[in-house]
Structures are given as C-alpha cells and as structure tokens.
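Structure first, commentary second.
The values are calculated or read from the model by the stated rules, or taken from the named source; none is laboratory data. Keep in mind that this is a model prediction, so the values were computed, not measured. In this analysis, Cβ positions are derived from the backbone assuming ideal geometry, glycine residues included, and neighbour counts consider all displayed protein chains. Calculation scope for accessible area: heavy atoms of the full protein, side chains included, ligands and nucleic acids excluded. Shrake-Rupley method; radii C 1.70, N 1.55, O 1.52, S 1.80 Å.
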Amino acid sequence: MRNLQITSIATLFMFLFLVLCDTFNGIALWWYVLLISIWLLVMAMGSFHMRWNFYLKAFTSKKNQTTKQIALTFDDGPNPNFTLKVLDLLNQYNAKATFFCIGVNVETYPEIFKSIIDNGHDIGNHSFSHDAMIAFNSTETWLNEIKQAENSILRIGGKKTNLFRPPFGVTTPKLARALKVTEHKVIGWNIRSYDTVTKSPERIIKRITKQIKPGAILLLHDKQPNVLPVLEHLLRVLQKWDYQTVTINELLNEK
Ligand SMILES: [Zn+2]
C-alpha cells in the first residue's frame, strides 16, 4: 500500500475518533482544523519527497548494494556552455552517467544532445518545457509534456527512454496518473548536491562526498559553472575510493 493510502486511512480514523469524542463529550472545533491542517501538510510534503513514494514509486537508490557503484545524473541539459565539457571530464575518467534532458533543450541543441548519446551515456526524459508551474499540470498536460519530450529524444537521438525524472522532484497524483499511461520508471536521487543554490564548489563537494555509498544516485545539473570543478574533484575521489560510475539502467540491472 502506498504511503498516501496509509496517511488517508489514518486521517479518516482520527476524524471518526474526533466525531465520536464530539458526540459524547463535545470538543472544540480547532481539533478538526488541526487534523485537516496536518493532513494537508503531509500531502504537500509528500509531493516534495520522492523518497516517501507517496504518489508514485520512485527509484532513488539501489538498496543493499555492496558493489562500489554510483550513478551520476545530470538534469536540465543539454546546455551549450557546459554539457560538452562535462562529457570530456567523464571520458577522461571512463565514467558513464545519465542525462535527464529537457525536450526544448534537445530541440535547441541537437548536436550536443547527440554527443551525449555518442559518448555512451544514458538519456532520461525530464519533461518538454520544465515550466516553473509544471507541478500544477493536469493529467492531460503531463501526458503532452512527457510524450513531446519523448518525440524529441527519439527523432533527434534515435533513442527511446523509459526513464523519467519529475522537474523539481515534485510528484502529484496527476503526474502519477500520466506515468501509469506512459509506463516510465521514475528516477529520483538519494544524494542532492544543491548545486543550483550553492555557489561554492568546495561546499558542494563536501556535501556530496560524505554521503557517497554503494548504490547511490547523485543529482547534479549540467547548466552552471560549478558543475565542472565539482565533477572533476568528485571523479578523482571516486577513482581513489575504487568506485565505478554507472548509468541508471546499469544500476537498475545490477543483481
Ligand atoms: Zn530539472
């Protein structure tokens, strides 16, 4: 059973309990207000925490993994300033990664997108527009977003992908409904670099390296300057610690 159902059933039981107490003793209205507020808060937090598997099941790490493997993922590209440099660094260290691309960027930078594929990396769908208000999409609009990005990936890269990463990591019941139709695997992360909000590469590196463990999925973005020093340092550390960097599909298929 999804955590969503468990939360809803628990809330319903608590509501019935309040009604019962109210019938026999009479209770203040704010008990009801408190219960509904907590329920709404948990529902909203469920949207922002993919690891809770609240509205859908997301793959956020390989549990019980003993082989020293880690999956590096790059969101929001392809980017004209950084993606090719990221590819160079990955090549230098013989590392493979997964790029969750935005459809509109695939259309704008088709050659960079093809380079990602030509270098043997995996591709994931990260919506077509990555609009700031995308989380409020209807099921229909979500379906369009996912399918449009899918078409760009297939037409330009000649590749199909069954991986999807929700923009901003936000999941909703409507997105869950759309993904049931498209049958994509939802990929999250268990190491968040916060590289889009933290400028200092040193701070980002420190945050990442203390969380590295076998089976981890790391979230990075190939759209800002700090990705290069962070990646270079990280690849050096991973090499020193005998870690292999793999794609999401390799991690998923690892026995
Ligand atoms: Zn994104």
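Here residue 134 fulfils each of the conditions (1) of a type outside the set (D, E, K, R); (2) more than 16 Å from the chain's Cα centre (by Cα); (3) buried (at least 17 other Cβ atoms within 10 Å of the Cβ) apart from (2). For region 94-125, filtered to residues that are touching a Phe, Trp or Tyr at 6+ places or on another chain (Cβ under 8 Å) and open to solvent by 10 Å² or more (accessible area, probe 1.4 Å), the residue that is nearest to residue 244 (Cα to Cα) is 122. Checking region 183-197 against the condition returns no match, with no residue being over 19 Å from the mean Cα position of the chain (by Cα) and either at pLDDT 95 or above or closer than 17 Å to residue 49 by Cα (or both). Answer yes or no as to whether residue 168 is within 16 Å of the ligand (Cβ to nearest atom), open to solvent by less than 20 Å² (accessible area, probe 1.4 Å) and of a type outside the set (S, T, N, Q). It is false that residue 168 is within 16 Å of the ligand (Cβ to nearest atom), open to solvent by less than 20 Å² (accessible area, probe 1.4 Å) and of a type outside the set (S, T, N, Q). With respect to (1) in contact with a helix residue (DSSP H, G or I) (Cβ under 8 Å, 6 or more places away or on another chain); (2) open to solvent by 10 Å² or more (accessible area, probe 1.4 Å); (3) in a helix (DSSP H, G or I); (4) under 16 Å from residue 78 (Cα atoms), the lone exception for residue 152 is condition (2).
Residue by residue through region 189-212, note down the ones that are in contact (Cβ under 8 Å) with a residue 60 or more places away in the chain and either of a type in the set (Asp, Glu) or within 12 Å of the ligand (Cβ to nearest atom) (or both).
Scanning region 189-212 gives a single hit, 189.
The residues on offer are 83, 161, 73, and the sole one that is touching a residue at least 40 places away in the same chain (Cβ under 8 Å), surrounded by 15 or more Cβ atoms within 10 Å (Cβ to Cβ) and within 16 Å of the chain's Cα centre (by Cα) is 73.
Among the criteria (1) aliphatic (A, V, I, L, M); (2) more than 15 Å from the ligand (Cβ to nearest atom); (3) open to solvent by less than 20 Å² (accessible area, probe 1.4 Å), the one residue 219 does not fulfil is (2). So which pairs qualify, if the first residue must be in region 34-55 and in contact (Cβ under 8 Å) with a residue 60 or more places away in the chain, the second must be among the small types (Gly, Ala, Ser), the Cβ gap must be under 6 Å, and the two must be at least 6 apart or on different chains? The qualifying pairs are 50/58; 50/169; 50/188; 54/46; 55/176.
Taken over region 61-90, the criterion of being acidic (Asp, Glu) and over 22 Å from residue 240 (Cα atoms) is satisfied by 75, 76. Tally the residues that are more than 23 Å from residue 251 (Cβ to Cβ) and either more than 15 Å from the ligand (Cβ to nearest atom) or modelled with pLDDT under 95 (or both), restricting the search to region 105-131. Residues meeting the conditions: 7. Taken over region 213-233, residues that are in contact with a Leu (Cβ under 8 Å, 6 or more places away or on another chain) and either of a type in the set (A, V, I, L, M) or free of Cβ contacts under 8 Å to residues at least 40 places away in the same chain (or both) amount to 7. Within region 63-93, how many residues turn out to be outside any strand (DSSP E or B), more than 16 Å from the ligand (Cβ to nearest atom) and at pLDDT 95 or above? Within region 63-93, residues that are outside any strand (DSSP E or B), more than 16 Å from the ligand (Cβ to nearest atom) and at pLDDT 95 or above number 12.
Restricting 181, 227 to those that are within 16 Å of the ligand (Cβ to nearest atom) and β-branched (Val, Ile, Thr) reduces the list to 227.
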